[in-house]
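Just below is one structure, and these are the notes that go with it.
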Amino acid sequence: MSLMDKLVVWSLPLVPKPIVGYFSKTYIAGSKLEDAVRVVKNLNAQNITGTIDLLGEENHKEEDVVKAVDQYKSVLDAIKAEGLDSGISVKPTHMGWMISKEFCSENISELIEKAASMNIFVRIDMEDHTTTTDTIDMYVKLQEQYGDAVGTVIQSYMRRTSDDINYLIKYKANLRLCKGIYNEPREIAYKDMAIINDNFVFNLEKLLKNGCYVGIATHDEKLVWHALRIIEELNLNKDQYEFQMLLGVDEQLRKIIVDAGHHLRVYVPFGEEWYAYSTRRLKENPKMAGHVFRNIFK
Ligand SMILES: Cc1cc2nc3c(=O)[nH]c(=O)nc-3n(C[C@H](O)[C@H](O)[C@H](O)COP(=O)(O)OP(=O)(O)OC[C@H]3O[C@@H](n4cnc5c(N)ncnc54)[C@H](O)[C@@H]3O)c2cc1C
């Protein structure tokens, strides 16, 4: 962790909420559904697809989960009503995983059922290592039921990732491949960025060679270059993969990818939980805190 990143994490609790809000604005559409709709409309106008994420995680109360499921249903209705080119992303711990796996699976299934009837794609985000096995198991069951209407995520920092991918390839899984954002222990996750990057490329190649649809989720231009190399070597069609980026990050690279004719999707988080989300993410990932801090001086 660089000195500046450490400083940002240390000083975060002292920063007034409106200031955190001001700098989170780049990464979060806003607190209301209409904010997400406005941002996705704007992205669609630039030939970019969205995935709308209602902020929230680690729900321990059933009533909070039910409320979140209802809010996601409103998101689906808005996507349909506004004619948006967008899917949704959901987090297992937001959808009741902490109450029970079964409850979580039922809630996500209910959303996929509705989304599939509207031709809207649902991706199950990957959270920390305590949820990995359950998320993959849940995905496999839901994919058997709903086919291409659902996908999940694999993180290249996890030591288990290659095995997970060997398993998921059998199901022709639809996977977002990212580096991973949680602060995992070394026994579970690689800590060396060079290994995480090599593991990203190694597994991306394996997935694409085996006909899986991959959401290549990175802002790391070297990984984007490797992805383009693999796409060319395998002579893939544009409908066999997509690039994915987070809202507000490296819009120049985003434009370069879109202008080159590749499909690109942007992750659009919104919701009242923006403060908890922003501070938790910034603390978990000091590198991200460093990016935000540097943006202040741009
Ligand atoms: C669409 C999408 C969905 C994701 N879903 C998940 C998920 O389900 N589970 C999960 O664990 N992780 C998820 N992530 C986060 C991911 O795991 C990484 O932590 C994050 O994308 C940063 O990794 P990177 O590949 O961009 O490489 P990095 O090496 O971290 O970043 C490369 C460059 O991108 C820029 N950059 C990266 N992040 C930021 C930022 N936040 N602000 C400003 N600049 C930045 C910097 O210039 C940096 O030098 C997702 C990422 C994306 C793009």
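The values are calculated or read from the model by the stated rules, or taken from the named source; none is laboratory data. Every value quoted in this text rests on a predicted model; they were computed, and no experiment measured them. Cβ coordinates were reconstructed from backbone atoms using ideal geometry, including for glycine residues, and neighbour counts include every protein chain displayed. Only protein heavy atoms, including side chains, enter the accessible area calculation; ligands, DNA and RNA are left aside. Shrake-Rupley method; radii C 1.70, N 1.55, O 1.52, S 1.80 Å.
Sorted on the mean count of surrounding Cβ atoms within 10 Å across their residues, most packed first, peptides 190-196, 128-134, 92-98 read 92-98, 128-134, 190-196. Comparing Cα centroids, segment 194-271 and segment 5-78 end up 23 angstrom apart.
For segment 84-96, 3J(HN,Hα) computed residue by residue from phi via the Karplus equation (6.51, -1.76, 1.60; θ = phi - 60°) reads 7, 8, 7, x, 10, 10, 10, 10, x, 6, 7, 9, x Hz, glycine and proline entered as x.
Between Gln143, Ala36, Ser24, whose Cα lies farthest towards the positive end of the dipole of the chain when Lys and Arg beta carbons carry +1 and Asp and Glu beta carbons carry -1, centred on the Cα centre? Looking along the dipole axis, the top candidate is Ser24.
Could you put Leu14, Leu33 in order of accessible surface area, largest first, with the 1.4 Å probe and the full protein assembly present?
I get Leu14, Leu33, largest accessible area first.
Grouping the Cα pair distances of the chain into 10 Å bins from zero gives a pair-distance distribution of 6, 27, 38, 24, 4, 0 percent in increasing distance order.
Backbone amide hydrogens, once placed in the peptide plane, bring Ser89 within less than 5 Å of Ile52, Asp53, Leu54, Arg123, excluding anything fewer than 5 places away on its chain. For the residue pairs Lys114/Lys209; Lys179/Lys255; Lys101/Lys170; Lys17/Lys91; Lys41/Lys67, the C-alpha atoms sit more than 29 angstrom apart in Lys114/Lys209. The residue among Val15, Ile169, Ile48 whose Cα reaches farthest toward the positive pole of the charge dipole of the chain, with charges on the beta-carbon of Lys, Arg, Asp and Glu, is Val15.
When you have a sec, figure out the Kirkwood radius of segment 110-163 from all distinct Cα pair distances and drop it here in Å to one decimal?
Result for segment 110-163 stands at 11.9 Å.
Size of segment 55-109 from its Cα atoms: along the principal axes, largest to smallest, the extents are 34, 17, 16 Å. Scanning residues 5 or more positions from Asn174 or on other chains, those with amide H under 5 Å from its amide H are Thr152, with H placed 1.01 Å from N in the peptide plane. Full extension of the chain between Ile256 and Arg186 yields a length gain of 21.7 nm, computed as 0.36 nm times the residue separation minus the alpha carbon distance. Kirkwood hydrodynamic radius of segment 27-144, from the reciprocal of the average inverse Cα-Cα distance over all distinct pairs: 14.5 Å.
Taking a straight Cα-Cα cut-off under 18 Å and skipping sequence neighbours fewer than 8 places away in the same chain, the aspartates and glutamates within cross-link reach of Lys206 are Asp163, Asp164, Asp198, Glu232, Glu233, Asp239, Glu242. Just the number, please: Stokes-Einstein D of segment 134-206 in µm²/s, Kirkwood Rh from C-alpha pairs, 20 °C, 1.002 mPa s. Roughly 168 µm²/s, to the nearest whole number.
Over segment 29-270, give the accessible area per residue in Å² for a 1.4 Å probe, as an integer.
Counting only protein heavy atoms, the per-residue value for segment 29-270 is 44 Å².
Could you calculate the contour length gain from Lys6 to Ala81, that is, 0.36 nm times the residue separation minus the distance between their Cα atoms, to one decimal place in nm?
Additional length available on full extension: 22.5 nm.
Solvent-accessible area assigned to carbon and sulfur over the chain amounts to 52 percent, based on a 1.4 Å probe.
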